[in-house]
Amino acid sequence: MKRVLVATEKPFAAAAVKGIKEVLDNAKYETVLLEKYTDKADLLKAVANADAIIIRSDKVDAEVLDAAKNLKIVVRAGAGYDNVDLEAANKHNVCVMNTPGQNSNAVAELVFGMLVFAVRNRFNGKAGSELKDKKIGILAFGNVGRNVARIAKGFGMEVLAYDAFVPAESIKEMGFTPVASVAELFEKSDIVSLHAPATPETRKSINYELVGKMPKGGIIVNTARKEIIDEEGILKAMMEREDIRYATDIMPDNHAEMTEKLGDRYFSTPKKMGAQTAEANSNAGLAAANQIVAYFEKGDERFRVNK
Ligand code: 3PG
């Protein structure tokens, strides 16, 4: 009997766990739950006899893979898989997958929650501004970026987009305005929404220079990864430009300093919650369970990311 470990420091909604269990029960697999663990030792113990793991942002590094002697597959229920050591997975012959698109609407909706909160001065009663007719620049036009574009249209915003891997022509065909570079996106957008993955190329790429290029009153909203931000650079730029605001769903390492120095111009959610909806949890969790069954039963590797 295959044993599937669901290891989530930040648990799925109960309905999602129920759905995952149903999928695995139907395949006659055993579901083992490790939720809200705070100690890596608990994960190391739990993976020891797992054939498969479903995770969220949980770290699966060489030590975890070493401890998982039976492991064949890890599915990251979500989009970004920077929390999995792919090289170590390759060495252990472990297949790694993600579930692209399954939680992207939830993240996109949070962008607008954070934006409305920011432009209405955190609901302090003072006159704020509207999103209508503002230019939103979307950095990385994948599943989340495209959902942000769709919703932005509903707000009556003008949508600009840049993605190193999506041709300008395709962005145009989708009805949005492509720009030629990240710098141009920051120059032309009243609001920049970040959706790039954390990779060696994007690490600390949102820096002092880019922030300084924004038009007056510019807002940056980050629902992607903290690793793509040059935290010192963004703080320095915002100290020089007192009109710029920054809202993030991923608390920076210098959160205390940002709060102290930037006051109301800076905001972070206490815990990353872009994908924290019942719908996104169910979509991503069930997709992960189904992918594991399809992998074992049919050899389906469609969503493999460590090719
Ligand atoms: C993702 O990459 O799918 C999102 O960042 C969501 O991450 P989470 O599952 O840790 O909330």
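The values are calculated or read from the model by the stated rules, or taken from the named source; none is laboratory data. The structure presented is a predicted model; accordingly, all values stated were derived computationally and were not measured. Neighbour counts run over all protein chains shown; Cβ positions are idealised from the backbone, glycine included. Just the protein is used for accessible areas: all its heavy atoms, side chains included, with ligands, DNA and RNA removed. Shrake-Rupley method; radii C 1.70, N 1.55, O 1.52, S 1.80 Å.
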Taking all protein chains as present, what is the carbon and sulfur share of the accessible area of the range 130-268, in % to the nearest whole number, probe 1.4 Å?
51 percent
Looking only at G156, G218, G125, which one moves most when the chain is put into a Gaussian network model with springs between Cα atoms under 10 Å?
G125
Per residue, how much accessible area does the chain have with a 1.4 Å probe, in Å²?
47 Å²
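Contour minus end-to-end for H255 and E35, with contour as 0.36 nm per residue of separation and end-to-end as the Cα-Cα distance?
Working: separation 220, 0.36 × 220 = 79.20 nm, distance 2.65 nm.
Full-extension gain reported as 76.5 nm.
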Give the Kirkwood hydrodynamic radius (Å, one decimal) of the range 130-268, defined as one over the mean of 1/r across all pairs of different Cα atoms.
14.9 Å
How large is log10 of I(q)/I(0) for the range 121-186 at q = 0.12, 0.16, 0.22, 0.28 Å⁻¹ when the intensity is taken from the Debye formula with one equal scatterer per alpha-carbon?
-0.33, -0.54, -0.86, -1.22
Which loop-located chymotrypsin sites (Phe, Trp or Tyr not before Pro) does the range 14-92 contain, where loop means any DSSP state but H, G, I, E or B and the Cβ has at most 14 other Cβ atoms within 10 Å?
none
Please work out whether the chain counts as rounded, prolate or oblate from its C-alpha gyration tensor, where a ≥ b ≥ c are the square roots of the eigenvalues and a/c under 1.5 means rounded, while otherwise a/b larger than b/c means prolate and anything else oblate?
prolate
So what is the relative contact order of the range 122-271, in percent, for Cα pairs below 8 Å that sit 6 or more residues apart?
18 percent
Accessible surface of L110 - all protein chains present, 1.4 Å probe, nearest 10 Å²
30 Å²
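Apply the membrane-span-like helix rule to the chain: whole DSSP H runs, Cα extent along the own long axis of at least 20 Å, mean Kyte-Doolittle hydropathy at least 1.6. List the helices found.
Values: long enough: 104-119 (23 Å, 1.82); 278-298 (29 Å, 0.02).
What comes out of the filter, once short or polar helices are dropped, is 104-119.
Going through the cross-link list K188/K261; K271/K298; K72/K153, which pairs have a Cα-Cα distance over 31 Å in this structure?
Details: K188/K261 26 Å; K271/K298 38 Å; K72/K153 43 Å.
Going by Cα-Cα distance, K271/K298; K72/K153 fall outside the 31 Å limit.
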Quick one: among R122, R150, R56, which has the greatest mean-square fluctuation in a GNM of the chain with alpha-carbon springs under 10 angstrom?
R122
